[in-house]
1. For the stretch B:23-74, name all the residues that are aromatic (Phe, Trp, Tyr), touching a residue at least 40 places away in the same chain (Cβ under 8 Å) and not in a helix (DSSP H, G or I).
2. Within the stretch B:118-150, count every residue that is open to solvent by less than 10 Å² (accessible area, probe 1.4 Å), more than 9 Å from chain A (Cβ to nearest Cβ), of a type outside the set (A, V, I, L, M) and part of a helix (DSSP H, G or I).
3. Could you count how many residues in the stretch B:173-192 are in contact (Cβ under 8 Å) with a residue 60 or more places away in the chain and either at the interface with chain A (Cβ under 7 Å from one of its Cβ atoms) or surrounded by fewer than 23 Cβ atoms within 10 Å (Cβ to Cβ) (or both)?
4. What are the residues in the stretch A:100-130 that are touching a strand residue (DSSP E or B) at 6+ places or on another chain (Cβ under 8 Å) and outside any loop (DSSP other than H, G, I, E, B), if any?
5. What number of residues within the stretch B:151-169 are outside any helix (DSSP H, G or I) and of a type in the set (Ser, Thr, Tyr)?
6. Identify the single condition in (1) of a type outside the set (D, E, K, R); (2) in contact with a helix residue (DSSP H, G or I) (Cβ under 6 Å, 6 or more places away or on another chain); (3) within 17 Å of B:Gly11 (Cα to Cα) that B:Asn162 does not satisfy, given that it satisfies every other one.
7. Condition (residue is within 14 Å of another protein chain (Cβ to nearest Cβ) and out of contact with any His (no Cβ under 8 Å at 6 or more places or on another chain)) applied to the stretch B:9-21: is it met by at least one residue?
8. Could you pull out every one of the helices (runs of 4 or more DSSP H) wholly within the stretch A:131-250 that has 2 or more residues that are in contact with a Ser or Thr (Cβ under 6 Å, 6 or more places away or on another chain) and at pLDDT 90 or above?
Amino acid sequence: MNPDVMVAPEIDYLALLPMIIVGVAAVLGVIVETFVGRGARRPVQLVLVFGSLAGAFAALVWQSSTRSLEVEGALAIDGPGILLMGLVLIVAFVGAMLMAERQLDPAGDSFAPRASALPGSVDERELTKRGYLQTEVWPLFLFAVVGMMLFITSTNLLVMFVALEVMSLPLYLLAGMARRRRLLSQEAALKYFILGAFSSAFFLFGAALVYGFSGSVEFSAIADALAAKPGETALIVIGLAMLVVGLLFKVGAVPFHQWVPDVYQGSPAPVTAFMAAAVKVAAFGAMLRLLYVAFGGLRWDWEPLLWVVAGLTMIVGSIVAIAQTDIKRMIAYSSIAQAGFILIGVSTATAEGLWASIFYLVAYSFTTLGIFAVISMVRDSGGEATRIEQWSGLGRTNPVIATCFAIFMLALAGIPLTSGFIAKFVVFEAALAVDAVALVIVGVIASVIAAFFYVRIIVVMFFRDPIEGAPRVAVPSGFTTLALSISVAVTVILGILPQPVLDLIERAGVFLR
Amino acid sequence: MTTIPWLTILGVVPLIGALILLVLPRDNVRLIKQAALVFSLAALVLTVVMGLQFDADSTAAFQFVESYPWIPAFGISYSVGVDGIGLVLVALATTLVPVTILAGWNDVEDGRSVKGYFAWILVLETLMIGVFAATDVFLFYVLFEVMLIPIYFLIGRYGGPNRAYAATKFLIYSLVGGLLMLAALIGLYVVSAQQLGQGTFDFAALVGLDIDPTTQKILFLGFFIAFAIKAPLWPFHTWLPDAAKESTPATAVLLIGVLDKVGTFGMIRYLLPIFPAASEFYAPLVIAMAVIGIIYGALVALGQTDMKRLFAYSSMSHFGFIALGIFVFTTWSMTGSTLYMLGHGLATAAAFLTAGFLMQRAGGSSAIATYGGVNKVAPVLAGFFLFAVMSAIALPGLASFVGEFLVLLGTFSRYVVVAVIATLGIVLAAAYALRLYQKVATGPESPHVEGMRDLNGREVTSLVPVVLLTIVLGVFPAPVLDVVNPAVDRVMDTIGMTDPTPALAPAGGDQ
C-alpha cells in the first residue's frame, strides 16, 4: 500500500453484521445505563442481550456461506471462523441465561449490588436491602462477546491484540463482582487482571518481534516472509514462542495456568461458566488460526513445543485436581486438563486436527456450562456450597440434579455415549493419524488419572449419606433450568449421534489464507 | 435368514423394562420386582426362540445380522450378529438375569431405591446382550465401557460396607484397560484408513487387514490388557476379590458369571482374528500368565477366610484355564474354553447365590468361621451349597468339567508340561472347595447357624434352573458343541492354526 495515500478500506458490512449487532447492542447497553430508570434497566438490558445474541446468530446463519477476507485482510470470515463465532454466540446465550438467574440467591442475582461498595460495609448492606441490581454487567458481557468474535476472526496481529483486550477487560471486571464471598472474588479479579496483563505483554512483544522479521503484522504476509526467508529463524521463533505463550495463558495451559483455579473459584458461577467455556473457544480459535495460517511454515518448530505443553497440561491438571477439596477448583484443574486434550488436536497441524479441536470445544463448552449451572444451584446460607463433602448424598436428596451432574462428570471422563467420549475419540484419531503415539499414550494416562476424581464426585453424591447442614438445591427460574437442560441434551446427543455436528464442522473446511 | 431384527429386539426388551420400572410407583415394591422379572423372562424366551432358529450348519460367519450406519464419518455402524460363541454367551446372560432377579428379590430392604437396583440390572442385561452381539468394534467398545456404569452403581449403591472403595477400584481398573483399548482401537482405525482408503470399524473388514507385525504387537497389547483386566488374569486381578466381596450376590453373579466373560470372549473374537501374528508372538506370555493365575488363584483361595473372596480367587483360577484354552490354539481347547465360560457362569451363579442365601441368614457375614453344621439345620441349602462346591471343582458330569477337560486335552496335545502344571490347579481346587464345604456345612452347629431356616420356594426356584443346566450340559454337551464348533473352526482358520497331530491315539475322538 502506498503510505502517502490513505484509501478508505472497503468493508462488506453484511459479512460483519453479527459482530456489528453485538457491538452496537453493547454500546446501547451503556446508554441504557445512563438514561433508563433503575427499575426498568434489567428488563431492557435483558432484551438487548438476548435480542442481540439471537440477532447476531441469525445474521451469522444468513451469511454462513461467506468465505472472504474483510477490512483489508484484517478479518477472515471463513468456515471455522463462522462456526466458532456461532459457538461463542450460543455459549454466550446460555451463559447469559445463567447470569440472568434471580431466584437462586434470596438477595437477588449473582452480582454485588454495587461493585464499588466495600465488602461488608454499611453501604453494601443498605444497597442489598433495597434490592439494587448491578445491570452494568450486561454491556460488559456483550463487549466480551464482541472481543471473542473479533479474536476468532482476526488475521492480523494488531487486530488480534485489540480483540484480546476487548475480550479480557470486561471479564476481569465481571470476575470481581460476585455478590457472595466478595473478597475472594475481588482477589480473583486482581489476579486475573495482573496475569492477563502479563500475558498481553508477552503477546505484544511477540508481535513486535514477528514484525521485525516479516515487516508486517498480517498473517498472510508473515506466512509469505517465512517462505521467502527459510533460514533466518531465531527472531521469528522467539516471536512465535511469545505469541503462543500469550495465548496459552488465555487457555490456561501448564505452565501458564496458575490463575485458573483462583479465578474460577472466586468468580460468580455464571461468570465462570461463560468464561470457562467461551474464552476457551475464542482463545483456541485464535491460536489455531495464528498457528495454521501465519506459522504453518514453522510447524516443525511449534509442534514439539505444543506436544510438551499438551502433555504437561493433561498430566498436571489431572494430578492436581485429585487433591482439590473445592468443587470449583477441581473443575478448574479439570478444565486445565481438558485444554491439554484440545492442544493435542491443535498440535497435529492437519485439517483433521482442526476439526477435532473444534468438536472438542463444542462438547467441552456445553458440559462446562452445565457444570456451573449445577454449581450455582447447590447453595447454603453463605452462597454456593462448593466444598466437595457438602455434596454428600445429593443423589438421595436431589436425584435429578445429581444425575445431570453425574452425566457431566462422565462426559469429562470420556465415557462412551457422552459428548466427551466422541471428543476424545476424534482428538486421539487426529493425533494417531500423524503418528503422535506418545501423545495419545500420555492422554490415555491422564484420562485414567482424571477419571479418578470425576468418579469421586459420583461416589460422594450417590454412595454417601447427606451430612449435617447439607446444602439445599435452590429452585431456579426458567433461565437456569433451560440452560441446564440444553447442556445435558447437547452432552448426551453429541455422544449418541455426533454425525450432524461432525458433518457441519467438516463442511466448514479450513482457514482462509 | 430372517428379516426380523432378533438381536435388536432382544436387546431393547430389558431396556424398555428398565424404563418402565422407572415410572412405576416407588412404593409398590412388589410390582417393581415382578415387572423386572417379567421383562427378564421375556428376554429369555426371546433368546430361546431365536436360538432355535440358529443354523449350526450355516457357512455365514454371523447370523441374525443387522447393520445400519451410525457415525459414517468414522466408518462406524450399528452392526450386530452372533456366531455360536456369541449366541452361547448371550444365552448365558439372559438365563442368569432372571435367576439373579429372583434370587436377589429381597436384596434391597433398607430404604435404598429398589427401582434403581432392578432397573440397573435390566440396563446391564441390554448392554451384555449388545456386547456379545456387536460386530462393529467401535460398538463393542462403547458397550464394553458403558457396561461399567450399571455395575459401578450396583456395587457402589447396593453393596457391602466397603462398597464405595470396591466400586471405585473396579471402575478405575476397568477404565485403565478401556482407555488403552481405545488408543489401540483408534490405531486400528488409522491402519484401516491407510490400507482401505476409508477407515472402518467393521469386524470383517478389520480381520481382512494385513497389519505389519510390529504394529500388531503394539495394538494387541492395548486390547489384551483391557481384556486381561476384565477377565481378570493374573496380575490384573486385584480388583476382583474386593468387588466380589462388596457386591450383592446377584451383582457378583452378573459381574463374574457374565461380565468377566467379555474379557475372554474378546480374546477369541477380536484378539486372535485381528492380530494373528501378535497372538502367536505373545502366546507364551499369556500362557504363562494363565498358568500362574491357575495355581496362584487356587493357592490364595486355599487361604481365604471369606466365602466370597474364596469364590473370587477360585474364579480367577478358572479364568486362567479359559485363557489357557484360547492361547494354546487347538480346536479342543478353544471349544473347551467356550464351554468353560458357560460352565463357569453357571458355577458362579450357584456359588454366589448359595453363599448369599447363607449370608442373609447369618446377619450378612461372609466369613467362613461364622458357619458350621449348616447341613443339620438347613439341609436343602447345604445340599445346593455342596452342588455349588462340586461345580467349582468341575466334578465330572457337571458343565464345568467338560470345558476343563477339553482345555487340558488341547493343552496336552501342544504343551505337555503346561497341562501337567495346570492339572495341579484341579487338585488345589478340590482342596479349597472341600475345605470350604467341610467348615461351613459339616461339624457342630455354630451359634450363628442355630435356627437357620431352610430355603424357601422362591430361592429354590432360582437355583433349580442353574443346577439343571449344569447337569444337562455336563452330561450331554453335544447341542452346545454343535453350535460352538463351527465358530471355533472359523477362528482357527482365520489365525491359520491347525491342531497338532496327536502323538498318542486320539482321546475323546467323538468330540
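1. Within the stretch B:23-74, B:Phe54, B:Phe62, B:Phe64, B:Trp70 meet the criteria.
2. Looking only at that region, the number is 5.
3. Residues meeting the conditions: 3.
4. Within the stretch A:100-130, A:Asp105, A:Phe111, A:Thr128 qualify.
5. Residues meeting the conditions: 0.
6. Single failed check for B:Asn162: (3).
7. Yes, because at least one residue in the stretch B:9-21 is within 14 Å of another protein chain (Cβ to nearest Cβ) and out of contact with any His (no Cβ under 8 Å at 6 or more places or on another chain).
8. So the answer is A:157-175, A:182-214, A:219-228.
The values are calculated or read from the model by the stated rules, or taken from the named source; none is laboratory data. These numbers were taken from a predicted model, which means no experiment stands behind them. Cβ coordinates were reconstructed from backbone atoms using ideal geometry, including for glycine residues, and neighbour counts include every protein chain displayed. The accessibility values were calculated without ligands, DNA or RNA, using every heavy atom of the protein model including side chains. Shrake-Rupley method; radii C 1.70, N 1.55, O 1.52, S 1.80 Å.
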